Structure formats: C-alpha cells, structure tokens
Amino acid sequence: MRLRHEVAHIIEKFNSAYQKEYLPTGYICKTLDAILNCRTSKMGGHVDECTNCKHTRISYNSCRNRHCTKCQSTNRERWIEHHSAKLLPVKYFHVVFTLPHELNGLCIRYPQQMYNLLFESAWKTLDGFSKNENHLGADSGMIAILHTWGQQLMLHPHIHCIVPGGGINEKGDWKNTRSQGKYLFPIKEIKKVYRAKFVSAFRKLVKKGLINDQGKKFTNDLFKKDWVVYAKRPFNNSKGVMEYIGRYSHKIAISNHRILNITDKEITFNYKDYRVEGNKKVLTLTGEEFLRRFALHILPKAFVKIRHFGIFSSRSVGKLHVTKCMMKGEPVTSREKAVKKNWKLVCKEKLNFDPDLCPCCKKGKMLLKEFLEKPKRGPPEISGWDNLSAGSYIQITQ
C-alpha cells in the first residue's frame, strides 16, 4: 500500500531549491532522481491480467537503488536467509563501533577513506584480542554493517557487528571465550585499542596525502576523547542474531513511515531520543535542510557497506563449513552452492504476500499481458528548439 508521505514526495517538492542552495554532486542528484522515479511510469513496467476475473494491474519497475526507501524488503529477507545458513551454532554478540563527532567534517570530505578506516580499525581490534592467548587464542570473525545516521538524520558514523563468542583454533576445533560466552572481551581495553589503531591508520593516510593534514593538535585531541564501543548481551542462537541484525542490514537513513507531514516549506517526522530512554519526539525541518541531511548518508559509488572478516570472509567459507559440520556431529560433505531466490518466492515465504494472487477476486493468478517500455530521453528543452537545426544547436551550447 502506498503511504501518504514518502521521501520521493519531498524530493519532488524541494529538489530544485536544494540543488540551488547546496550544489550537490552529480552522483547525489542521480541517486535522488532514482528515488523520485522509483515505481513510476518513468521506470517502465508491465500489465498483468487475472486468469479468473480479468482484472488488470499496472506494475512499474523499481529503481533498485540501495538508498531507496521502497526497494530493500526482499533484499533484506534474502540476505538474512543466506547468512543464517552460514553461521555456527554458538552464542553471538552485537558490537557497535562509533566515531567521535569531531571526525564528521572529514567523513563528509573523505567518506571512502574514513569509512574504510572505521571497518579496518574495528576488525584489527577484535582480531588482535581474538588471537591473544590471554583472551581467546583462536581465529574469530565479524560481519559488519555501516550506518552513518542518527535519528535526526545528522551524521553519526558507526558500524553494527556480529561477533561469535569464540573462534577456531589451530586444530580446527571451536574454542569459546574465557567467559564461556557471557561477555566478549574487556570493553574498556577494546575502546583504547580501537582508538589507537584508528588514529595510527589515520596518520598514515595523512602522510600519503590521501587526507589533508589537520595538525598535531587535532590528532592528539582525539586521544582525549572516550570513543564509544559497546557490546550487547549475547544471543543464544544464530537464528535470533540474524533476525536482529537483519533490521540493520538494508536500513535507510529514514523510512517513509516516520514522515508525518509535508507542507509547502517544511517536513515533520518522528524520531527516538535515546538520551531520554528512547522516547518518541517530533522534529520539523525545511525541505532543503531535510534533503541536505538525507544526502549526507548517500554512500560513495560502489562502496561496500556490508563486510565479512576472519572466519566469515569468502576465503574461509570451506573452513567454516567443516567446523559447522563437526560441531553438529554431521559428516563433512561438499558445501551446497547458494541459489539466489526469486523475489516472488521471497515475498511468499518471508513477507506473507503473494504477488501473483489477484488483488480483486483473491482466486485467480495474475499473468503478464504486456510490457510498458521505459520512456526514451528526449533532447534538452530550450526555447525555439523546433526552429533550430542540429548544427545551430551545437553552436549555442558551445
């Protein structure tokens, strides 16, 4: 069901004013256009007809942009099912690594470098603790998901990580943490090591000229900050942890359900204030400011926001499969190749929705009747175009 207010409506109403005021990059403009045109006639589509009552339905194509508020449901469910099958039957921790707000300006200017540092520093920290005999003495892993927003759409870079309460030792056997899964590693020590590894890697990028030098005082002041890292209570099984982390896997900065009202000048949406026990509050922004904040969370092109480390990395798939079979007491067989499920099957199994069922009679099956071609892009609109030849048009644009 189409909601009354959507991000697409905000883009349609305020995009021109936003572009004039903030001059966004072409990539951001292209992303906003994709969200605006998603599931409209501009994307093309198809006509279906019911086999029973002959009811016809027009369905327009999705933009499939990862920042779109309408294109993530089936991707999320497919991702949860795929990775649930890979996890070992052990306890898991949800660990969150954040960056201090002093680095927000650099995250805006150098998102690729800063977010890569966030992933790398978090993993090197956990990997170091895992391989340390005083804490675990085994190879562990991590599945990490990048988020860049807070509830008010301000920049708040952090990664949500799924970390097992143990690791695989040199013999290939599973080894639990010394706490037997009650807690991961000492959180105060994790904070200090994480901060040191991030700042060290940051200084190396500055020396290479990949990030502008902010001065010694800037990096020294970072050590005075208490960097936020926390680990939530362990999950007792892999199914529970994947259902939980699945909420974060394909999440967008703001969902359409949170938008309460759109006027000619302002946008009103609700948010949770975690400083006051997660109480729901309401915030009103101008349309241009809303799009400015939303654009802060459009990731660089081809940037990987979900990453797998250690025993969950692609090169360790075989090793993980062998360990999983041994833990379950099953014979080690060849690993089954993952098959990507059709989106219609995902809708039926996970979303309790049958896209082939007639919405009118609830009995017939909707079958494809005809395709609706995507409109071809015409020439730019300029005054007097009909009276100009191709040569004169080239002359004018030059």
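The values are calculated or read from the model by the stated rules, or taken from the named source; none is laboratory data. These numbers come from a predicted model, not from an experiment. Here Cβ is always computed from backbone atoms with ideal geometry, including for glycine, and neighbour counts include all displayed protein chains. Side chains are part of the model used for accessible areas, which takes the heavy atoms of the whole protein and leaves out ligands, DNA and RNA. Shrake-Rupley method; radii C 1.70, N 1.55, O 1.52, S 1.80 Å.
Only one of the numbered conditions (1) more than 18 Å from GLY105 (Cα to Cα); (2) open to solvent by 80 Å² or more (accessible area, probe 1.4 Å); (3) without any contact (Cβ under 8 Å) to a residue 12 or more places away in the chain; (4) in contact with a helix residue (DSSP H, G or I) (Cβ under 9 Å, 6 or more places away or on another chain) is violated by ASP213, and that is (1). Pairs meeting the criteria (first residue in the stretch 66-77 and more than 12 Å from ILE306 (Cβ to Cβ) and hydrophobic (A, V, I, L, M, F, W, C), second residue part of a loop (DSSP other than H, G, I, E, B) and open to solvent by 30 Å² or more (accessible area, probe 1.4 Å), beta carbons under 6 Å, at least 6 apart or on different chains) are CYS71/SER62; CYS71/ARG64. Of all the numbered requirements in (1) assigned to a helix (DSSP H, G or I); (2) in contact with a strand residue (DSSP E or B) (Cβ under 9 Å, 6 or more places away or on another chain), VAL346 misses one, and that requirement is (2). Residues in the stretch 331-344 that are within 23 Å of LYS365 (Cβ to Cβ) and surrounded by 12 or more Cβ atoms within 10 Å (Cβ to Cβ) were compared, and the one that is modelled with the highest pLDDT is LYS344.
Looking only at the stretch 96-111, decide whether some residue is open to solvent by less than 20 Å² (accessible area, probe 1.4 Å), among the β-branched types (Val, Ile, Thr) and touching a residue at least 40 places away in the same chain (Cβ under 8 Å).
yes
Those strands (runs of 3 or more DSSP E) of the stretch 137-192 in which at least 1 residues are at pLDDT below 90, farther than 18 Å from HIS250 by Cα and open to solvent by 10 Å² or more (accessible area, probe 1.4 Å), considering only elements entirely within it, cover 174-176.
Quick grid of which residues meet (1) under 21 Å from the mean Cα position of the chain (by Cα); (2) in a helix (DSSP H, G or I); (3) surrounded by fewer than 16 Cβ atoms within 10 Å (Cβ to Cβ):
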| site | (1), (2), (3) |
| --- | --- |
| THR31 | yes, yes, no |
| ARG39 | yes, no, no |
| ILE58 | no, no, yes |
| ARG64 | yes, no, yes |
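Just so you know, in the stretch 225-251 the residues that are within 23 Å of HIS101 (Cβ to Cβ) and at pLDDT below 90 include one that is nearest to the chain's Cα centre (by Cα), and it is LYS251. Tell me, yes or no, whether the stretch 291-303 has at least one residue that is in contact with a strand residue (DSSP E or B) (Cβ under 8 Å, 6 or more places away or on another chain), among the small types (Gly, Ala, Ser) and either part of a helix (DSSP H, G or I) or under 30 Å from GLU170 (Cβ atoms) (or both). The answer is no, given that none of the residues of the stretch 291-303 is in contact with a strand residue (DSSP E or B) (Cβ under 8 Å, 6 or more places away or on another chain), among the small types (Gly, Ala, Ser) and either part of a helix (DSSP H, G or I) or under 30 Å from GLU170 (Cβ atoms) (or both). Scanning the stretch 117-133 for residues that are buried (at least 18 other Cβ atoms within 10 Å of the Cβ) and either within 20 Å of the chain's Cα centre (by Cα) or outside any helix (DSSP H, G or I) (or both) yields LEU117, LEU118, PHE119, SER121, ALA122, TRP123.
Among the residues of the stretch 13-28, the ones that are of a type outside the set (Ser, Thr, Tyr) and surrounded by 15 or more Cβ atoms within 10 Å (Cβ to Cβ) come to 6 in all. Of the set (1) open to solvent by less than 30 Å² (accessible area, probe 1.4 Å); (2) under 20 Å from LYS305 (Cα atoms), all apply to LYS86 but (1). Mind telling me which of the residues ASP221, ASP264, ASP226 ends up being part of a helix (DSSP H, G or I), open to solvent by 20 Å² or more (accessible area, probe 1.4 Å) and of a type in the set (Asp, Glu)? The conditions single out ASP221. Would you confirm, using the coordinates I've provided, whether PHE303 is hydrophobic (A, V, I, L, M, F, W, C), open to solvent by less than 30 Å² (accessible area, probe 1.4 Å) and more than 30 Å from VAL90 (Cβ to Cβ)? So PHE303 passes the test.
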